[in-house]
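The values are calculated or read from the model by the stated rules, or taken from the named source; none is laboratory data. In this text, all values refer to a predicted model and were calculated from it rather than measured experimentally. Here Cβ is always computed from backbone atoms with ideal geometry, including for glycine, and neighbour counts include all displayed protein chains.
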Amino acid sequence: MASIETDSYSADLRPKAIRPETRELLISKIEGSDQEFDLTSPPNAGGYGRIRHFRGEQAAPWPLNPLPVLPAANRLGLDAELTNTAQVFQNAACNWRCWYCYVPFSLLSANEARSGWFTADELVAMYEASDERPLVIDCSGGQPDLVPEWVPWMMDALVAAGLSDQVYLWSDDNLSNDYFWRYLTPVQIEQVATYANYGRVACFKGFDETSFAFNTKADESLFGRQFELFEKLLKTGMDLYAYATLTGPNPSEARAGTILFLDRLQQIDERLPLRLVPLRIEVFGVVERRVHAPERVALETQESAIAVWNEEMEKRFTAEDRALPIPLVEWSAR
Ligand code: SF4
């Protein structure tokens, strides 16, 4: 498969996924999609939302995934049991096509037949009207940062609804573009950076150029851009976390690749690996039909990579550091 021309595809998707004049966003309709079959509870918010239950456990030796449960609990000053569910909305566009994406590709192409237009006020109103009102709202994707206005608009809507102190806002970012700086005003950037009940997770896709390109279908030169974008986001001062997927086509490259990946993360901030959760790719639902022989090898690669990751974390950080709750890990550069 030819690699995705990420920049031109992003530019093509953005105007199909946002209407800045009316502050509307294209949100995926989960009801009636293939994703609906993979959910533990039926879609809500008129079919445009879903409730996600965060369990956190990953098979040994993978670490627990405390995102976004612990950052939300920390900011809201609550027990983690109260923040382990989220109201999720998905923007209907993504510029990459990761083989392990749990979202059907039909919900990533800004297709109006499979989505609807909503303002942030309308999304918050649907959240308020739902029976189950988790304390976390997750702006997921798709790639929310094709439409970076979504986050400050949600903040405005939560403030207007009197919910900004009670609800934690979380968003995902695939580290593919600079739209956050290109389309937000300095005031909006400051708003995102300083809004108390907000956190963002940015996902590194692969441990080297080859694994990145295999995972995303994007050009391998964009592997390095992820680090540049992460560093830029960090400098804004926002509450930032990271995921990494460690799948790749060559198990024999997992050791050297993972060590170098950690080195590059630590060049941004020595303590960044403590704010990063390696995510184990699991095969279920819509992912199953995309898994063939190369993807099965990629699943083996992630098991080699996590063994190296764990060894390296033990070498690079004290047991005390590794036991810190993730929102309490301080950056060395701040
Ligand atoms: S970047 Fe995220 S939303 Fe886009 S295809 Fe990859 S996993 Fe799916």
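All of (1) surrounded by fewer than 23 Cβ atoms within 10 Å (Cβ to Cβ); (2) of a type outside the set (K, R); (3) part of a loop (DSSP other than H, G, I, E, B); (4) more than 12 Å from the ligand (Cβ to nearest atom) hold for P148 with one exception: (1).
Within the range 27-54, the set of residues being among the polar types (S, T, N, Q) and at pLDDT 85 or above comprises S28, S33, Q35, N44.
Scanning the range 87-125 for residues that are under 29 Å from G77 (Cβ atoms), away from the ligand (no atom under 16 Å from the Cβ), aliphatic (A, V, I, L, M) and out of contact with any Phe, Trp or Tyr (no Cβ under 7 Å at 6 or more places or on another chain) turns up V124, A125.
Picking from residues in the range 151-174 that are within 16 Å of the ligand (Cβ to nearest atom) and in a strand (DSSP E or B), the one that is nearest to the chain's Cα centre (by Cα) is D172. Screening A60 against (1) within 17 Å of F284 (Cα to Cα); (2) modelled with pLDDT of 95 or more leaves a single unmet condition, (1).
Among the residues of the range 279-334, the ones that are without any contact (Cβ under 8 Å) to a residue 40 or more places away in the chain, exposed (fewer than 15 other Cβ atoms within 10 Å of the Cβ) and over 30 Å from E36 (Cβ atoms) come to 7 in all.
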